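Asker: Starting off with a structure, shown below.
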Amino acid sequence: YADSPKLYIITPYWHAAMSQFPMRMLKRRILKSGCSCLIYQFPVKILSDNVDLTEKYFKEIQEEVKKDIRKIKDKYNFSEIIVVGMSLGCVNALMIANKNSDVNKVCLVVPGDSLSDSLWRGIGTRKLRSQIKKHHINLAELEKDWKDLDPKNNIDGLSGKNIEVYLSRSDKVIPYTNGNHLVKDMKNIDLNPAVFKNNKLGHYLTSLEFILFKKF
């Protein structure tokens, strides 16, 4: 919407292109609130056992989305730009928002602090972990290769931005401890995220709750 004050940029969960209904619902709710919305779709291969290619994809997406935001902001003069990351998309969201003066707010739905550690410990990436191990890559090596992608390494330029973090205490896809560590890392550098935690809903239902009930 050309006259809307806010633009929401959505970086979705892994495999979102194969399950588009939740993203369409989120888009519908944002537009209904009178705000503008831009939802990205990323290929499944954004995360794979090709460690170098994964890093390449994430960094290319970072640059392309930042360029898109700059062009859109210049064209429509939005008063507020909010980047929303969901699950794996939280990695993209922080890479895009960190040290980016065009972004005013970041919402992180079931994030982790480390892409490599979340992959290694999460139940949804066990097959991918096994594939990476076949390349004789251990967790320490993966952490070194992907350090530029890690959420915990992309928060030092968020000062002055509003931050919301949504966590599930029962999350086993991106373990709760990883998300909680990210919150602690933010607080350690004097960021003040608004943190919402639930005890009952897991990873996917926490994301769905955000899609269905978040006030925009």
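The values are calculated or read from the model by the stated rules, or taken from the named source; none is laboratory data. This structure is a prediction, so every number in the text was calculated from the model and none was measured. Ideal geometry is used to build each Cβ from the backbone, glycine not excepted, and the neighbour counts take in all protein chains shown. What goes into the accessible areas is simple: the full protein's heavy atoms, side chains included, and nothing from ligands, DNA or RNA. Shrake-Rupley method; radii C 1.70, N 1.55, O 1.52, S 1.80 Å.
Asker: For residues that are part of a helix (DSSP H, G or I) and buried (at least 21 other Cβ atoms within 10 Å of the Cβ), tally how many sit in region 139-151.
Answerer: Result for region 139-151: 2.
Asker: Is it the case that region 173-189 has a residue that's open to solvent by 30 Å² or more (accessible area, probe 1.4 Å) and either under 22 Å from residue 8 (Cα atoms) or among the small types (Gly, Ala, Ser) (or both)?
Answerer: No, region 173-189 contains no residue that is open to solvent by 30 Å² or more (accessible area, probe 1.4 Å) and either under 22 Å from residue 8 (Cα atoms) or among the small types (Gly, Ala, Ser) (or both).
Asker: Within region 51-100, take every residue that is small (Gly, Ala, Ser) and assigned to a helix (DSSP H, G or I) and give me the one that is nearest to residue 13 (Cα to Cα).
Answerer: Filtering region 51-100 for residues that are small (Gly, Ala, Ser) and assigned to a helix (DSSP H, G or I), the one nearest to residue 13 (Cα to Cα) comes out as 89.
Asker: Which condition from (1) under 19 Å from residue 171 (Cβ atoms); (2) hydrophobic (A, V, I, L, M, F, W, C); (3) open to solvent by 50 Å² or more (accessible area, probe 1.4 Å) is the one that residue 53 breaks?
Answerer: In the conditions (1) under 19 Å from residue 171 (Cβ atoms); (2) hydrophobic (A, V, I, L, M, F, W, C); (3) open to solvent by 50 Å² or more (accessible area, probe 1.4 Å), residue 53 misses (1) alone.
Asker: For region 56-89, give me each residue that is open to solvent by 10 Å² or more (accessible area, probe 1.4 Å), among the hydrophobic types (A, V, I, L, M, F, W, C) and within 19 Å of the chain's Cα centre (by Cα).
Answerer: Across region 56-89, the qualifying residues are 61, 88.
Asker: So which pairs qualify, if the first residue must be in region 4-23 and crowded, with 18+ Cβ neighbours inside 10 Å, the second must be in a helix (DSSP H, G or I) and of a type outside the set (A, V, I, L, M, F, W, C), the Cβ gap must be under 7 Å, and the two must be at least 6 apart or on different chains?
Answerer: That search, which allows pairs on different chains as well, returns 11/89; 11/92; 12/89; 13/89; 13/207.
Asker: OK, next. Could you run through region 101-125 and say how many residues are outside any loop (DSSP other than H, G, I, E, B) and not hydroxyl-bearing (Ser, Thr, Tyr)?
Answerer: So the answer is 12.
Asker: If you take the residues of region 95-121 that are surrounded by fewer than 21 Cβ atoms within 10 Å (Cβ to Cβ) and not polar (S, T, N, Q), which of them is nearest to residue 173 (Cα to Cα)?
Answerer: 121
Asker: For region 162-172, how many residues meet the condition of being surrounded by 19 or more Cβ atoms within 10 Å (Cβ to Cβ) and not in a strand (DSSP E or B)?
Answerer: Looking only at that region, the number is 1.
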